[in-house]
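Notes to accompany the following structure.
The values are calculated or read from the model by the stated rules, or taken from the named source; none is laboratory data. Values in this document were obtained by computation on a predicted structure and should not be read as measured data. Cβ atoms come from the backbone with ideal geometry, glycine included; neighbour counts cover every protein chain shown. Quick note on the areas: whole protein, heavy atoms, side chains included, nothing else; ligands and nucleic acids left out. Shrake-Rupley method; radii C 1.70, N 1.55, O 1.52, S 1.80 Å.
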Amino acid sequence: MEDFTGSQKKIINMVKQNALNFYNDFSGVMSAKGKKARQLRVRVIAFRDYRADGEHAMMVTDFFCLPQQEKEFEACINSIHADGGGDIPEDGLEALAYAIKSKWTNEGAKKRQVIVVWTDAGTHELGFGSTSPYYPKGMPRNMSELNDWWDDMNANYKRLVLFAPDEPGWSYIAQTWENVVHIPSAAGNGLAEQNYGEILNHIANSV
């Protein structure tokens, strides 16, 4: 969005703080369930709008191994700020495409490839920002092709947790894709502790 209010900045700061606390919080939930993750790798994809933000529309990192790379992960999260975006919808489907094509690990007997999307905005259709010279090559051309990308992932490993509005794009994915949990969000309401706890539980239950 073009004009970020104090409330919106408070929301993004809350999400950032949850991200910084994620390793300890997730470890605590796992411990309570009598489980332990041998390896935790986290990748960050922050998205805006290619038409409005150009080269600053998407921040895509490599995986961070936690807790070993905790300082690097913290620096990455702290570099994210609420600005840009143009109109209300963002290029969230392109961010999801980046996530699906991550370099997932093949190590471990019980691998889990979990994508968590947090947004309080609707999403543009795929390719909406393709007129920008910074739009990435190799993106799916339409939702059908993005469906295929998701289908190509191993159903035994993949999980998608959507904290997103019940709007076209996100609602379609929630209703038609397998292994998806949708926690509807409302614009400006942020990520409440209850929602954050649900996300942690869904991830821990899948391991």
How high is the relative contact order of the chain, given as a whole-number percent (alpha carbon pairs under 8 Å, six or more residues apart)? 23 percent
For the range 146-187 and the range 36-80, compute the distance between their C-alpha centroids and round to whole Å. 20 Å
Per Stokes-Einstein, at 10 °C and 1.306 mPa s, what whole-number D in µm² s⁻¹ belongs to the range 65-185, with the Kirkwood radius over Cα pairs as the hydrodynamic radius? 100 µm²/s
Tell me, what is the 1.4 Å probe accessible area of Phe26, in Å² to the nearest 10? 10 Å²
Rotationally averaged projected area of the chain (alpha carbon convex hull; nm²): 11.0 nm²
With unit charges on the beta carbon (Lys/Arg positive, Asp/Glu negative), name the residue among His182, Phe128, Ala164 whose Cα is farthest towards the positive pole of the charge dipole of the range 44-183. His182
So for Thr176, Thr123, what's the accessible-area order with a 1.4 Å probe, most first? Thr176, Thr123
Can you give the alpha-carbon Rg of the range 110-172 over 2.2 N^0.38 Å, where N counts its residues? 1.26
If exposed GluC sites (Glu not before Pro) are those in a DSSP loop with at most 15 other Cβ within 10 Å, what is the longest stretch of the chain that has none? 3-106
State the extension gain, in nm to one decimal, for the chain segment bounded by Gln175 and Met143, taking 0.36 nm per residue of separation less the distance between their alpha-carbons. 10.2 nm
How many percent of the alpha carbon pairs in the range 23-94 exceed a separation of 15 Å? 63 percent
How much length is gained on full extension from Ile80 to Ser31, taking 0.36 nm per residue of separation minus their Cα-Cα distance? 14.6 nm
Nitroxide proxy distance, nm - points 7 Å out along Cα→Cβ at Ser206 and Arg43: 1.4 nm
Given the protein chains as shown and a 1.4 Å probe, how many square angstrom of Tyr135 are accessible, to the nearest 10? 40 Å²
Considering only DSSP beta bridges whose two residues both sit in the chain, what percent are antiparallel, to the nearest 5? 35 percent
Note the full-extension length gain between Asp152 and Asp62 as 0.36 nm times their separation in residues minus their Cα-Cα distance, in nm to one decimal. 30.3 nm
Farthest toward the dipole's positive end in the chain, which of Asn142, Ile199, Trp118, given Cβ charges of +1 (Lys, Arg) and -1 (Asp, Glu) about the Cα centre? Ile199
So which DSSP H runs in the chain come out at 27 Å plus along the axis (Cα) with average Kyte-Doolittle of at least -0.5? 6-32
Can you tell me the FRET efficiency between Lys71 and Arg112 if r is taken as the Cβ-Cβ distance and R0 is 25 Å, rounded to the nearest 0.05? 0.50
Solvent exposure of the chain as accessible area per residue, Å², 1.4 Å probe: 54 Å²
Charges on Cβ only, +1 for Lys and Arg, -1 for Asp and Glu, centred on the Cα centroid of the chain; of Ile77, Leu66, Ala97, which one is farthest towards the dipole's positive end? Leu66
